[in-house]
Structures are given as C-alpha cells and as structure tokens.
Amino acid sequence: MRILTAEFIRSCAGPEQFLNGDLPEVAFIGRSNVGKSTLINSLLQRKGLAKVSRTPGKTRLVNFFQVTTDDPGLARFVAVDLPGYGYAKAPKALQAQWEPLIGQYLDGSEQLRAVVVLAECRVLSELDQQAIAWLLAGGRSPIVVATKVDKLKMGERVRALRHLREGLGLAEGGDFIPYSSVTGEGRDRLWAAVKERM
C-alpha cells in the first residue's frame, strides 16, 4: 500500500475540539517514550509528521492526521496520536489533564475503528497490562505492537516476545505484531490488521 498524502489536521486539548467527521479513525496509544510518534512516521512513511522527542511525555494533546492511500479498502482515514501514559516525572496537574483526555477520546469517538497499543518488546509494563485490560473491558480488542524489535538479538527475540505476549495476556493468533521503525519490519502486517478493522 502506498501513502498518497498524510497531513496534520489539529491538536486537541479537550473533547470539544475532537473531530466530528465521517472518516474512520485509528488511534495509537502507549507508555511515554515507547515510540508512538516514531511508529506513526514510519507507518505513514513521512519524516517529522508526528513530532518525535527524546523527552518522555512530549505528546500532551490528541493529534489528528488525515491520510490518503492507494488502497481502495483503506482509501482515507484519520490517524490519532494519543498522549503517552505513565510519565512519572510529569507534574501531577499535567498528568491529571492528559490521562483523562485519553479516556474521553477512546470512549467518545464514534468513528474509532482500531486502537493500536504500543508496548516495548523488552519491557513488560503493568501500565500496558492495565491499558489492554481496560480496552477489552470496554469491548475494544486492541492491535498490540511490540516496538523496537531491532534492538533484540536473534537469540533473545523469541523469548522476549513470548514473555511480552504472555505477560499482556494475549492469546496466540491474536493481533500481536513485532515492529521496527528502523527496518520497517511489521509494517505490512500492521496495515493488514488495521484494514481488517475498517
């Protein structure tokens, strides 16, 4: 699949600013510094579309991007970059502002078709476990992406991915995709999984 256009629409600080259009939406969620913005740029093959920072907690608003592809099954949609959760060094007032914002978007969007949860392949996080359990309890089966797999040696890979899958409570055969924004591994599988939800 080829990306024809990918354009920033707007950043939203509250639900009153969320989009009310008719395009399907795909949301990306994960812990701070898990690589959400990097993955979005890799997936959409655009450098700098989603702002990347080495500082955790950089994404503090809900960011919307309109995407057009050459695939008739996924011709136009909106990619949604949600704030990272669990950044311990963020001021409490800031955490109190952006963490409810994530829930307001996920609970309130009528156009949301897929939620992509990013989890770093080498880190089993209780926050990721909670996020997946919360989505499942709300009737949303997430696509789980294990990021940064290029950092694993081949000997470590099978063990680390099995540990992560089992720790997150994911069944064999579900949407669990090893991904590298460096090599592009997992990109086609992720597009296929997203397309199935449309």
When residues of the stretch 162-198 are filtered for being touching a Leu at 6+ places or on another chain (Cβ under 8 Å) and not in a loop (DSSP other than H, G, I, E, B), how many remain?
-> 11
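Name the one entry in GLU166, GLU172, GLU185 that is exposed (fewer than 14 other Cβ atoms within 10 Å of the Cβ) and more than 29 Å from ASP107 (Cβ to Cβ).
On the way: GLU166 fails: more than 29 Å from ASP107 (Cβ to Cβ); GLU185 fails: exposed (fewer than 14 other Cβ atoms within 10 Å of the Cβ).
Criteria check complete, one pass: GLU172.
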LEU161 within 17 Å of the chain's Cα centre (by Cα) and under 23 Å from ALA133 (Cα atoms) | no
Residue selected from the stretch 124-139 under the condition more than 14 Å from the chain's Cα centre (by Cα) and in contact (Cβ under 8 Å) with a residue 24 or more places away in the chain, by the criterion farthest from VAL34 (Cα to Cα) = GLY138
Would you check which residues across the stretch 119-141 are touching a Leu at 6+ places or on another chain (Cβ under 7 Å) and either surrounded by 18 or more Cβ atoms within 10 Å (Cβ to Cβ) or β-branched (Val, Ile, Thr) (or both) and list them?
-> ALA119, CYS121, ASP128, ILE132
Check on VAL144, within 18 Å of ARG31 (Cβ to Cβ) and either among the aromatic types (Phe, Trp, Tyr) or surrounded by 14 or more Cβ atoms within 10 Å (Cβ to Cβ) (or both) = yes
Say we look at the stretch 41-53 and pick out the residues that are closer than 14 Å to SER180 by Cβ and in contact with a Leu (Cβ under 9 Å, 6 or more places away or on another chain); which of these is surrounded by the most Cβ atoms within 10 Å (Cβ to Cβ)?
-> LEU43
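None of the figures in this text is laboratory data; all of them are computed from the coordinates on show. All of these numbers come straight from a predicted model, not from anything done at the bench. No Cβ is skipped: glycine too gets one built from the backbone with ideal geometry, and neighbour counts run over all protein chains shown.
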